[in-house]
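In what follows, a single structure is set out as structure tokens and then discussed.
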Amino acid sequence: MIMKRRDFLKTSAGAGMAAGAALSLGGYEKLWGVAPTPEKYDVVAVMGGNPDAMFDLGIQELGGMGAFVKKGQKVLLKPNIGWDVIPDLAANTNPLLVRRIIEHCLKAGAREVYVFDHTCDNWVNTYRNSGIERAAKAAGAKVVPGNTENYYQQIEIPGGVRLKRTKVHQLLLETDVWINVPILKDHNSTRMTSCLKNTMGLVWDRGWWHANDLHQCIADYALFEKKPVLNVIDCFNVMVKHGPKGVSKEDVVQMKSQILTTDWVAGDAAAARMLGIEPEKIDYIPMAHKAGLGNMKLDSLNIRRIKM
Amino acid sequence: MTSPFLRTFRIVFSAIVLVCFLIVFIDLRYKIPSEYINALIYLQFVPSVIKFYDLRIMAAGGFVIVLLLTLLTGRTYCSFLCPLGIGQDLFSRIGGRLRKKFRRFGYKRPHTIIRYSLLAVTLVVTLVWGVYLLTLLDPYSIFGRFTTYFARPVVILINNFLANILGKFDNYSLHHINIKGYQLLSYSIPAAFFILVGTLSLMKGRLYCNMICPVGTLLGLLSKISFLRVRFEESKCTRCGRCAIVCKSSCIDFLRLDIDNSRCVECFNCITTCPDKALSFGVVRIGKKEHKTDESKRRLIAGALLGIAGIGSLAKAQNNNVPTPKKGTTVREEKTYPVAPPGAGSIEEFNKHCTACSLCISVCPNQVLQPALKQYGLVNMMQPVMNFHKSFCTFNCTRCTEICPTYALKPLELDAKKLTQIGKVIFIKDNCIVKTEKTACGACSEACPTKAVYMVPYEGNLVIPETNESICIGCGHCEYACPTTPYKAIYVDGNAVHVAAERPEIREAEISAPEEFPF
């Protein structure tokens, strides 16, 4: 959809007013007992700002972090911290974004926020060089290792076609809610990595997925009962080739975008379009759609598009 | 000097040295800077000699300082700087505690034939053939293996235990560490030496240093003429014999007021013990008679000749064990060569210089370096080899090349390391999931840092790996990531001689940022 200038102005003004109102109201909403009830969007897409600013705006459109994280809850944030590269190479979720989400969680009253990933490269270096460890700690989260098998516990996946059981990180089971924060990237084999594929960092034996129909395993995992309350897809810097690890900064295109959604299949479908790929072409997306795990038909969704 | 502080100083100094070595070898967080490690190891005798032989620059000449120090002060190296020596003192002390009532060192005759033969054989083998015997006998390397093979795993187990407990309290300041590799067979030699050195030091003080250690024997030759020595003051001595009882080297013949300076390690126990201050550390008075002519020199020569006679044939026989290429790679991953660590230059050169001190194995953050069994041939057992079934080489790490005490691994700048091809990727299509299962995989290409492994269209929607050897650096991440069993579908075959890989071609992205949301 092409946004007209008038729409854009309206949108911007609207967003600005909403943000302003939220700021000025502060804690008064509760006093009046009437929290502003925004329209229910399936997907919120933001473009044109820095990762943290885009998140501020996007989460506002979804009713604020309080809609997803309740007071006193333990929250798991699962960014993509797969590869031992610097943030500019966009192989890992943007640390600014991670930091801002944690701040929102804590502001919403989260008791504790945890961050971890089962990295592909050496985990100590990856946590450090991705900039995520520092950002998360600065925001007040606990950064937890996921490097050995004893952090993982067996779960059952009823209805899984290929993946019927797997081992997931204990934090996923111990926390009250989890937020999926993937970065959109090209992927050499599945063509794209985003929401659903990011779950491979929750499990111990990724190799098994690779050896047993990768697409089906990715879709199967989404059946597991503990689903993310929110997906935030980092499309600020996007690796468009040589993914998921990348070779040089020439692999990266700055898209300055972000997609927020509670429907991860829809999120993946929208993300695929950002890479210029039709969602049907990425096998695990239609698989998950058919299993009723989300809606890949973007036309039928209520999408809020914001340009900053 | 008769001050009891000599001994106290020795104990404090050596304790600090030992702790520093233990920290370097057991550093579970890989935080000790390489410069610090190099400074600590600079004075280690054998590594320094090998490094000097290779570089021929005085900057690598820590051993010269040791030689001068020995000429000046006797075998202080053995008590102050040698971690194996210091470790033995610790053992010896424990031994003393265990059998307090029975333990009397007392004077013993030197094991002249054994020690000089061993020195001669070691020298000859090393000069004629290579470091193989030094690998076994260099005290620093022995110490390195003890810590890498025994102490480090124990500390890791303790760490994991604590990490478990802390984790229960939601504290993640410690984390679990997997112990990778370490096949039982590779423990055989260190275990045998541990029993040997451990028992000797528990029961007999410094007998290992004075009978077997070639460095001890060599420095002993020099310390015979050292400037400063422990000496008797004849007029003060009451022949009480206490000095001989506490002498770990069993080298004080108090009845003849004679100290065998070739065995004395300057521990100063005797000086502290002597109630009459009859023993002191100082300049030997001129005019005092030296040792009588001894058979030892003749024995030395005889031993050396004996050694040389045996060497040639031994060397020939062993040369057959150097890995030779096997023809025809099949579906089984068959490596023509093992993969030697970056900085090795070539397997041959590497094998010649490495004394298997295992420092690189200890400091490798990915634990991809593992002690070799027979990959390099049995004589090179325990030298580090890349094990890509257990782990892979981190792309932006040069740790092992920075700290190698013997220069078997030469320093590589990070940029150079990223272009150093230590092996080449080989893809076995018939093993590949994409072909056998007709499902997507790509684990290998995903992990490849240079995209020497990339995916090309296959049947239907599928893509299958293809390789570009010229930009492969042999890091082994593809082999590690490949999920097939028992044989991998992709693996790295070692380069006998490490070469420069080509730089990956860099092209601008074809996709540009969408100006509007494409949905």
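Quick notes on this one:
- Helices (runs of 4 or more DSSP H) within segment B:1-86 that include 3 or more residues in the same structural domain as B:Thr135 (by TED's automatic domain parsing) and under 25 Å from B:Arg206 (Cα atoms): B:5-26, B:45-55, B:62-73
- Test: B:Asp27 is touching a residue at least 12 places away in the same chain (Cβ under 8 Å), acidic (Asp, Glu) and farther than 18 Å from B:Thr148 by Cα: no
- Of everything in segment B:432-444 that is in contact with a strand residue (DSSP E or B) (Cβ under 8 Å, 6 or more places away or on another chain) and either assigned to a helix (DSSP H, G or I) or not assigned by TED's automatic domain parsing to the domain that holds B:Phe392 (or both), the residue that is surrounded by the fewest Cβ atoms within 10 Å (Cβ to Cβ) is B:Lys435.
- Scanning segment A:101-113 for residues that are under 13 Å from the mean Cα position of the chain (by Cα) and farther than 19 Å from B:Tyr172 by Cβ yields one hit, A:Ile101.
- Of residues in segment B:148-195 being assigned to a helix (DSSP H, G or I) and more than 26 Å from the chain's Cα centre (by Cα), the one surrounded by the most Cβ atoms within 10 Å (Cβ to Cβ): B:Ala163
- Hits in segment B:350-404 - residues which are without any contact (Cβ under 8 Å) to a residue 40 or more places away in the chain and part of a strand (DSSP E or B): B:Leu369
- Selection of segment B:410-431 for residues being assigned to a helix (DSSP H, G or I) and surrounded by fewer than 19 Cβ atoms within 10 Å (Cβ to Cβ) yields B:Leu414, B:Asp415, B:Ala416, B:Lys429, B:Asp430.
- Any hit, segment B:9-26, residues being modelled with pLDDT under 95 and exposed (fewer than 13 other Cβ atoms within 10 Å of the Cβ): no
- On inspection, A:Thr175 does not qualify as among the polar types (S, T, N, Q), more than 9 Å from chain B (Cβ to nearest Cβ) and within 23 Å of B:Gly442 (Cβ to Cβ).
- Screening A:Ala270 against (1) more than 7 Å from every other protein chain (Cβ to nearest Cβ); (2) hydrophobic (A, V, I, L, M, F, W, C); (3) within 19 Å of A:Leu298 (Cβ to Cβ) leaves a single unmet condition, (1).
- Failed criterion for A:Ala272 (all others in (1) out of contact with any strand residue (DSSP E or B) (no Cβ under 8 Å at 6 or more places or on another chain); (2) surrounded by 21 or more Cβ atoms within 10 Å (Cβ to Cβ) hold): (1)
- All positions within segment A:268-289 that are free of Cβ contacts under 8 Å to residues at least 40 places away in the same chain and in contact with a Leu (Cβ under 9 Å, 6 or more places away or on another chain): A:Ala269, A:Arg273, A:Pro279
- All of (1) touching a Cys at 6+ places or on another chain (Cβ under 8 Å); (2) more than 30 Å from B:Ile179 (Cα to Cα) hold for A:Leu163 with one exception: (2).
- Out of B:Ser358, B:Ser391, sole residue that is small (Gly, Ala, Ser), assigned by TED's automatic domain parsing to the domain that holds B:Ser470 and more than 18 Å from the chain's Cα centre (by Cα): B:Ser391
- The test for being in contact with an Asp or Glu (Cβ under 7 Å, 6 or more places away or on another chain), more than 14 Å from chain A (Cβ to nearest Cβ) and assigned to a loop (DSSP other than H, G, I, E, B) holds for B:Tyr407.
- Among the residues of this structure, B:Ile57 counts as one that is aliphatic (A, V, I, L, M), out of contact with any Phe, Trp or Tyr (no Cβ under 8 Å at 6 or more places or on another chain) and farther than 17 Å from B:Thr147 by Cα.
- Residue selection: A:Ile101 satisfies the criterion of being buried (at least 18 other Cβ atoms within 10 Å of the Cβ), in the same structural domain as A:Ile233 (by TED's automatic domain parsing) and touching a residue at least 24 places away in the same chain (Cβ under 8 Å).
- Condition broken by B:Arg56, with the remaining ones in (1) exposed (fewer than 15 other Cβ atoms within 10 Å of the Cβ); (2) under 23 Å from B:Ile11 (Cα atoms) satisfied: (2)
- Residue match in segment B:461-474 (condition: touching a helix residue (DSSP H, G or I) at 6+ places or on another chain (Cβ under 7 Å) and farther than 26 Å from A:Val240 by Cα): no
- Subset of segment A:39-57 [within 14 Å of A:Asn237 (Cα to Cα), more than 14 Å from chain B (Cβ to nearest Cβ) and either of a type outside the set (Asp, Glu) or assigned to a loop (DSSP other than H, G, I, E, B) (or both)]: A:Asn50, A:Pro51
- In segment A:124-135, the residues that are in the same structural domain as A:Asn92 (by TED's automatic domain parsing) form Cβ pairs under 7 Å with partners that are crowded, with 23+ Cβ neighbours inside 10 Å and polar (S, T, N, Q), at six or more places apart or across chains, as follows: A:Ser130/A:Asn92; A:Ile132/A:Asn92; A:Ile132/A:Thr93.
Yes or no, residue by residue, for (1) out of contact with any strand residue (DSSP E or B) (no Cβ under 7 Å at 6 or more places or on another chain); (2) within 12 Å of chain B (Cβ to nearest Cβ); (3) buried (at least 24 other Cβ atoms within 10 Å of the Cβ):
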| residue | (1), (2), (3) |
| --- | --- |
| A:Trp208 | yes, yes, no |
| A:Asn212 | yes, yes, no |
| A:Asp251 | no, yes, yes |
| A:Leu293 | yes, no, no |
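- Restricted to segment B:445-490, and to residues there that are more than 9 Å from chain A (Cβ to nearest Cβ) and under 21 Å from B:Pro365 (Cα atoms), the residue that is surrounded by the most Cβ atoms within 10 Å (Cβ to Cβ) is B:Cys475.
- Residue count, segment A:146-170 (criterion: at the interface with another protein chain (Cβ under 10 Å from one of its Cβ atoms) and in contact with a strand residue (DSSP E or B) (Cβ under 8 Å, 6 or more places away or on another chain)): 4
- Pairing residues of segment B:67-93 that are farther than 14 Å from B:Phe194 by Cα with residues that are surrounded by fewer than 18 Cβ atoms within 10 Å (Cβ to Cβ) and aromatic (Phe, Trp, Tyr), at Cβ distances under 6 Å and at least 6 apart in sequence or on separate chains, gives B:Leu72/B:Phe227; B:Phe80/B:Phe13.
- Filter result for the condition that a residue is among the β-branched types (Val, Ile, Thr), more than 10 Å from chain B (Cβ to nearest Cβ) and in contact (Cβ under 8 Å) with a residue 24 or more places away in the chain, over A:Val143, A:Val113: A:Val113
The values are calculated or read from the model by the stated rules, or taken from the named source; none is laboratory data. Small disclaimer: the values here were computed from a predicted structure and weren't measured. Glycine also receives a Cβ, built like all others from the backbone with ideal geometry; neighbour counts cover every protein chain displayed.
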